[in-house]
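First up is the structure itself, then whatever we jot down about it.
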Amino acid sequence: MHSFSARTLAALAVLFVASTMVGLQAQTNLKYQEPPKAIVDLVDTRPTPTVEVSPKDKAGRQWLLIEAISGLPPIADLAQPELRLAGLRFNPRTNGPSRGRYFTSLRLQALPDGKEKEVSGLPANAKIRFTAWAPDARHVSFVNTSDDAKNAGLSLWVVDVSTAQAKQLPGVALNGVFGTPCEWMSDSQRLICKVVARTRGAAPRRSDVPDGPVVQENLGRVTPGATYEDLLKSPEDERIFDYYATSQVEVVHLDGAMKAAGKPGVVQGASPSPDGKYVMIDERHHPYLYLLPLDFFPERVTVINLATGASKQLADQPLQDTIPNLHDAVEAGPREFDWRSDAPATAFWVEAGDGGDPRKDVAIRDTLFLQDAPFEGTPRKLAELPVRLRSIVWASGKLALVEEERWKDRKRIMLAVAPDGGALVKLFEGSFQDRYHDPGKPLEVMNASGKSVLETTADGAGIYLRAEGASPEGDRPFLAVMSAASGESKRLWQSEDKFYEFPAAVLESGNAGVLIRRESPELPPNYYLKSPAKEDLKQVTFFPNPYGNAPLPKKQVLKYKRSDGVDLSANLYLPPGYKAEDGPLPALMEAYPTEYKTKSAAGQISGSPYEFPLLYWGSPIPFVTQGYAVLENATIPIVGEGNAEPNDSYVEQLVASAQAAIDEGARLGVVDRNRVAVMGHSYGAFMTANLLAHSDLFKAGIARSGAYNRTLTPFGFQNEERTYWQAPEIYYNMSPFSFADKIKTPILLIHGEADNNSGTFPIQSERLFSAIKGAGGTVRFVLLPLESHGYAGRESVLHMFWEMNNWLSMYVKSPGAGK
């Protein structure tokens, strides 16, 4: 019997993996593979349930709707029929979503101390989406997807909260091509729904014989645009899109009765007025575009009187193909139509004072308008803003909170305005990248009309805000009240030390306390009630540890500096049971570059060392089970202060940041600087290829779903606003494709065959693979069938981890591996 040393066994294992991978180079029929069981167990972990808090019911109680999330779907789910048109993806069999997770069960729990009740009567093999509380909290609606060939479609269901019993409203075939198909009306007895038109007939069939060429032209107009996917390509595509996107708006009663509102059309949105007397319909119409998605198509906004059927057109916007491809650029004319949520029936919209072009020097960037029912006469101005509107939230007829933002200098402004007249009051001004001084985002609550409004103090003078509470020690979320008169803010509560706690909701304007989500490295997330008068916490939910008794890696937040003085950070994970005497480990670094205008903002810490380690399909953390030190979310700030643009020195800052992360890991004695790999997804994949092209810091790289040749995205990319023709040297120098002959470090390229992300076409990976291969580099390219920009199928995700684990074992784990 032979006896081998541990080092010999390790070398033999690497040799086996290497021979396996070499054998696969010419293989075309590779089946889906699985990584080691420890990684499989983590991938198969179900996410922690989500929770939705109800409005108050008649008894003054509030409820939790607890929703169990599905695991990764099988690849067979992704193989269901799918149409990719006008920038959308949907299942023509169901007229609903073709991808994404869903809820598999529902539970109800009364606050503060009620017991969980399982909702009964759910459909078999439930695929639940679009859950929504009725304004009176007596019912919950949801949409179920049936993939059954004989009964495929989206059906509408309602849960009676008092009995926890679900039932289907028969005869309602919903259209979910544009997302949420229904919205509750203020009486809680009816919903406004988009349904499949009963008269639409048979689906159009694609012809094998073309009618003629597809012609596009531009006659001297300036029409820049980003690079989109899933676009219309022909008149035949237009006919198919119209067929599936067309819906009829219906008023659906809880007893199943239905009444049509308006005529069938390509209805993107349908929303009832707060008083339930009108419905606002947002409709797209011809002519369509072949180079831009749905949101640029002509848009008609109409209000229909539900009692009389009379309609009033508020706007009809033409094609929007001349919008500059810049941050803060918007369409000219009225946009963002919605209801004022605290008034019976008042329409709200915005109009740009600069024609939608942020480069124009104007005093008024946006003007906000209101118009009351019956929508006749001249609209009234609510406010004139010098900075672009980002959001507006209403509150009880006396207050609206307006937020402005400007990308160029990262400015954020919060303003209070009285909807029925009054001057704007500035409550806050700062940088939206300055996390340490972020006052927070306003809490919102459903009002009696079913609309979202500001959560305010009982007297309406204070606005509740919640923030991550970022600091050099990590995030400590807080709840505060800001004066609507002065902007003065007072913290009411802050996350306890050694825990990560986040305010989920304020109950009854604070009188019943705050609902908090609480977790720690050892405790999975659960919900607790904190009384305003006491210091104790009352646990409300008892979700178990999703990993069972498996040992979990510990998170340590590292803080260090780049050579130019910029503060950096990374989350360090070590294998369970690791001891200092075990010495340096092979390491995997994961990152995603981010642009900043100031070094101070770039150096701010994000995240908390006290969060529970909830993993997702793309996380690098599972590799701690294979003996690696993992540097997750290593910060890669790309800073351009003053008149400089961040990307002017992209490569230099990229390499310096990576060098600093490796140096810190080596200084701590946990990272073997000679055995480090780098990985990233999307823009992180772009980063990975650039690091291998411009440095010798790594033994291997893993790049998933990236874009590598920036001349293929000539009207800007990521946060770069200059076009290729304005800055050709930037596009060339930032493209790893330009330096493919320099990429000699082994690189694994992975891409979803059905990538839908702007700019990251699969051809980007195909061409980089060909370039590196042609230059004699070491490269492997894996194309995952049916997968989008984010990978969803269980088989795909497990195979991805198998590929990554093999690559790391071959080129990183053992000294000299792969040479």
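The values are calculated or read from the model by the stated rules, or taken from the named source; none is laboratory data. Since this is a predicted model, take the numbers as computed values, not measurements. Positions of Cβ are generated from backbone atoms using ideal geometry, with glycine treated the same way; all protein chains shown enter the neighbour counts. In case anyone asks, the SASA skips ligands and DNA or RNA and just uses the protein heavy atoms, side chains included. Shrake-Rupley method; radii C 1.70, N 1.55, O 1.52, S 1.80 Å.
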Is the shape of the stretch 707-755 best called rounded, prolate or oblate, per the rule: a/c under 1.5 gives rounded, else a/b larger than b/c gives prolate, else oblate, with a ≥ b ≥ c the square roots of the Cα gyration tensor eigenvalues? oblate
What size of dipole, in debye to the nearest 20, comes out for the chain about its Cα centre when the only charges are +1 on Lys and Arg C-beta atoms and -1 on Asp and Glu C-beta atoms? 1300
Of all accessible surface on the stretch 570-716 at a 1.4 Å probe, what whole percent is carbon and sulfur? 49
For Leu326, enumerate residues with amide H under 5 Å from its amide H, sequence gap 5+ or separate chain, H modeled in the peptide plane. none
Crossing angle, helix 683-694 versus the chain [Cα axis fit, 0-90 degrees, rounded to tens]: 30
Once the other residues with Cβ under 13 Å from the Cβ of Ser608 are scored (Lys, Arg +1; Asp, Glu -1), what is the net sum? -2
What is the angle, in °, between the Cα long axis of helix 6-24 and the longest principal axis of the Cα atoms in the chain? Nearest 10 is fine, range 0 to 90. 60
Farthest toward positive dipole pole in the chain [+1 Lys/Arg, -1 Asp/Glu at C-beta], among Thr302, Ala329, Tyr573: Tyr573
Using the Cα centre as the reference, give the magnitude of the dipole from point charges on the C-beta atoms of the stretch 382-461 (Lys, Arg: +1; Asp, Glu: -1; all else neutral), rounded to the nearest 20 debye. 280
In debye to the nearest 20, how big a dipole does the stretch 273-389 give about its Cα centre with +1 on each Lys and Arg Cβ and -1 on each Asp and Glu Cβ? 160
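Let me know the shape class of the stretch 369-516, please: from the alpha-carbon gyration tensor, a ≥ b ≥ c as square roots of the eigenvalues, rounded when a/c is under 1.5, otherwise prolate if a/b is greater than b/c, or oblate. Could you put the intermediate results ahead of the total?
Numbers: a/c = 2.41, a/b = 1.42, b/c = 1.69.
Cα axes put the stretch 369-516 in the oblate bin.
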Using alpha carbons only, how many degrees (0 to 90, rounded to 10) separate the axis of helix 235-245 from the longest principal axis of the chain? 60
Given Lys56/Lys167; Lys411/Lys498; Lys498/Lys538; Lys426/Lys597; Lys117/Lys498, which pairs have Cα atoms separated by over 25 Å? Lys411/Lys498; Lys117/Lys498
Work out the charge dipole of the stretch 285-434 with +1 on the Cβ of Lys and Arg and -1 on the Cβ of Asp and Glu about the Cα centre, then indicate which of Tyr290, Gly377, Ala423 is farthest towards its positive end. Ala423
For the chain, what is the convex hull (Cα atoms) projected area averaged across all directions, in square nanometres? 37.6
Suppose all protein chains stay in the model; what accessible area per residue would a 1.4 Å probe give for the stretch 367-442, in Å²? 44
Of Pro210, Pro274, Leu231, whose Cα points farthest to the positive end of the dipole of the stretch 177-314 (charges on the beta-carbon: +1 Lys, Arg; -1 Asp, Glu; origin at the Cα centre)? Pro274
Per residue, accessible area of the stretch 247-311 with a 1.4 Å probe, heavy atoms of protein chains only, in Å², comes to 38
So what is the 222 nm mean residue ellipticity for the chain from helices alone, if each DSSP H run of at least 4 adds -39500 (n - 2.57) and you divide by all residues, rounding to the nearest 500 deg cm²/dmol? -4000 deg cm²/dmol
Relative contact order [Cα under 8 Å, 6+ residues apart], the stretch 687-772, whole percent: 40
Quick check: from the Cα gyration tensor, does the stretch 709-819 come out rounded (a/c under 1.5), prolate or oblate? oblate
Using the reciprocal of the averaged 1/r over all distinct C-alpha pairs, how large is the Kirkwood radius of the stretch 418-475 in Å? 13.8
Take peptides 393-404, 221-232, 369-380, 282-293 and line them up by average Cβ neighbours within 10 Å, highest first, as a rough protection proxy. 393-404, 282-293, 221-232, 369-380
By average Cβ neighbour count within 10 Å, what is the ranking of 185-191, 441-447 from highest down? 185-191, 441-447
May I ask you to derive the relative contact order of the chain, considering only C-alpha pairs under 8 Å and at least 6 residues apart, and to give it as an integer percent? 9
Sort the following peptides by mean Cβ neighbour count (other Cβ atoms within 10 Å, averaged over residues), highest first: 487-500, 244-257. 244-257, 487-500
What fraction of the DSSP beta bridges in the stretch 703-810 is antiparallel, stated in percent and rounded to the nearest 5? 10
